[in-house]
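Just so it is clear, none of the values below were taken in a lab; they were calculated from the coordinates. A quick note: this is a predicted structure, and the numbers were derived from the prediction, not measured. Cβ sites come from the backbone with ideal geometry, for glycine too, and all protein chains shown count toward neighbours.
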Amino acid sequence: MRADLLTDTVDGLDEALTAVDGFDEVLVGGVLRPGPAQAVGLAALAEAVAGSPLAGRVAEAAEKTAAGAAGEDHFVALAAARTALLGSVHDALLLRVEEAVGRARDGESGTTAAGGAEHAVNLCAAARSWLCGLARAGWRGIDHEVIAGAAPVVSAMLPDPGLRRLATLLDGFAAELAASCPGATLEHVPVRRWADLWSRAMLLSLPGAATAPAVGGATGRLLPLGVDVQEHATAVQAQVHAVFEPADGGTPRLVRASVSAPKPDTVVGAGLWQLLRPRLSLLAAVSEGRAMDLDAMPVTGEGDLIWDDARARTGEPAEVFATARVALPAAAAFATAPLDRHPARIAVPVLLEGYAVEEDEDGVAFQVAGQRLAVDTDRVPAAGPLTPEVVASSGACVGLLRWDAGEFLLQPLAVERTVRKKSVAVHAGAWAGGTADKAGVRAEKAATDAVKVLRERAGKLLRK
């Protein structure tokens, strides 16, 4: 890997992010009575997209907003400009990654417009109205009365499958805001995150924006690379990254298979797998180090497998590092859907070998071809045997190359290290399908006991 390319300056990157940050600060104070500093931020956003098809609309929106006379169309234009800038950052960073790892991707992803009922238009308009109210109030001006306006919109949207994506986003966003009320007393405002959620929700509420990825069929062999676990207090998701080899001999592709489940906050660590295993048989194959044979498995134009156990069966042994060394270099990535182009979405599977390990107060880093690459050990899940200490003793690593806080980071999925003169692989998802490991067994038993108690209590409440 050309690690030097990951540390070189990307032309225009800082300027684009500065314009985004300027607009994000506008939302902190709200635009009901914008001040001079907010006018500067709005003008900078308009200037950043001056050479694009958005130029006219954004310039007008910035002017009207700075005057305190913004309407719904103006907020939509500003959200579109911000999203376009972050999309350009995503594309520039991903191009740099592709140059560094020498891997290609498709030019465009396929989408099909999702048909919506007539009433959905009114619900989306109601969602935009609530989002416009947020922008006027600003994050410092939010209170429970402002946030409560989302509840009836979300309740009306949830029964409609075509609106569920937007409804879930609005529901989670409103919950975050409500937990932070009143905004005037907040010590720290998550400026970038809330602006991300606001602009994404605004665009998803537009007619035609709620598109569904085009779905094809995948027949061939699936070779897992690792599992990325994302955990919150009430939900958990496991995303398996893999190489798919088509049965017809076509180009191998990088794909993902995800599973999510609600969870009580008392179920943590290895206990999470109990919630996820029944929903995705692929997790057992990951744990056992096996491939899976797929028969017309649905796959979207963005490379996400819509998992169906009836279309998969366990295949032959497939060691992760053998897959990474042999199949990964030739695998092509799917393109990212237009509205998903954001630096936070970058997660490129890579194999690193022959690096030196650095440990200091900032954490773990790898020296790759004379270049320092930070290792994001905070993303290593507690639901497996992979730990920061194991990562620091490794000599080879399969991980996800990400970008955060102005630099590229590596999230380890699996490492190889030498134990008693033998090479041993340690995987973040090693306990996904079950384990005989003592620590894993103890954690699973504790989770089982917790779930059992919760079910008993729930049963008593229902009987009452």
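For V364, which sequence-distant residues (separation of 5 or more, or a different chain) have an amide H within less than 5 Å of its own amide H, given hydrogens modelled in the peptide plane?
V375, T377
Can you tally the net charge around D376? Count Lys and Arg as +1, Asp and Glu as -1, for every other residue whose Cβ sits under 12 Å from the Cβ of D376.
Net charge in that neighbourhood comes out at -3.
By counting other Cβ atoms within 10 Å of each Cβ, how are I306, I346, I142 ranked from fewest to most?
Lowest count first: I306, I346, I142.
Please give the charge dipole size of the chain, origin at the Cα centre, charges +1 on K and R Cβ atoms and -1 on D and E Cβ atoms. Round to the nearest 20 debye.
Charge dipole of the chain: 1680 debye, to the nearest 20.
Using a cut-off of 15 Å between beta-carbons, work out the net charge of the residues near V154 (Lys and Arg +1, Asp and Glu -1, V154 not included).
So the surrounding residues net to 0.
Indicate the gyration tensor shape class of the range 212-333 (rounded, prolate or oblate), computed on the Cα atoms with a ≥ b ≥ c the square roots of the eigenvalues: a/c under 1.5 is rounded; otherwise a/b larger than b/c is prolate and the rest oblate.
Prolate is the answer for the range 212-333, as a/c is 1.5 or above and a/b outweighs b/c.
Can you give the angle from 0 to 90° between the axis of helix 72-101 and the longest principal axis of the chain, with both taken from C-alpha atoms, to the nearest 10?
Helix 72-101 sits at roughly 30 degrees to that axis.
Output the relative contact order of the range 212-333, whole-number percent, from Cα pairs under 8 angstrom with separation of 6+ residues.
Reported as a whole number, the value is 32 percent.
What number, in percent, do you get for the relative contact order of the chain if the mean sequence gap of Cα pairs under 8 Å and at least 6 apart is divided by its residue count?
It comes to 15 percent, rounded to a whole number.
To the nearest 500 deg cm²/dmol, what mean residue ellipticity at 222 nm is calculated for the chain from DSSP H runs of n ≥ 4 alone, each contributing -39,500 (n - 2.57), summed and divided by the residues?
-12500 deg cm²/dmol
Helix 164-179 versus the longest principal axis of the chain: what angle, 0 to 90°, nearest 10, using Cα atoms?
Rounded to the nearest ten degrees, it is 80.
Give, rounded to the nearest 20 debye, the magnitude of the charge dipole that the range 285-356 has about its Cα centre when Lys and Arg contribute +1 at Cβ and Asp and Glu contribute -1 at Cβ.
240 debye
Mind counting lysine pairs for me in the chain? Cα separation below 30 Å, and the two need to be 8 or more apart along the chain or on different chains.
Counting lysine pairs in the chain gives 12.
Does the range 337-459 come out rounded, prolate or oblate by the C-alpha gyration tensor, with a ≥ b ≥ c the root eigenvalues, rounded set by a/c under 1.5 and, if not, prolate when a/b is larger than b/c and oblate if not?
It comes out oblate by the Cα gyration axes.
Give me a comma-separated list of calculated 3J(HN,Hα) values for the range 187-197, in order, Karplus coefficients 6.51, -1.76, 1.60 applied at θ = phi - 60°, integers in Hz, x for any Gly or Pro.
For the range 187-197, the Karplus-derived couplings read 6, 9, 9, x, 4, 5, 5, 5, 5, 4, 5 Hz, x marking Gly and Pro.
Contact order normalised by length for the range 339-427, with contacts defined as Cα pairs under 8 Å and 6 or more residues apart; what percent is it?
With pairs under 8 Å counted, the relative contact order is 28 percent.
Along the charge dipole of the chain, which of A432, P152, I142 sits closest to the positive end, that is, farthest toward it, with unit charges on the beta carbon of Lys, Arg, Asp and Glu (+1, +1, -1, -1)?
Going by the charge dipole, the pick is A432.
Kindly put M1, M157 in sequence by how many other C-beta atoms sit within 10 Å of each C-beta, fewest to most.
M1, M157
Between the helical axis of 36-48 and the dominant principal axis of the chain, each derived from Cα atoms, what acute angle in degrees is found, rounded to the nearest 10?
60 degrees
Which net charge results for the neighbourhood of V31, defined as the other residues with beta-carbon distances under 11 angstrom from its beta-carbon, given Lys and Arg at +1 and Asp and Glu at -1?
Summing Lys/Arg as +1 and Asp/Glu as -1 gives +3.
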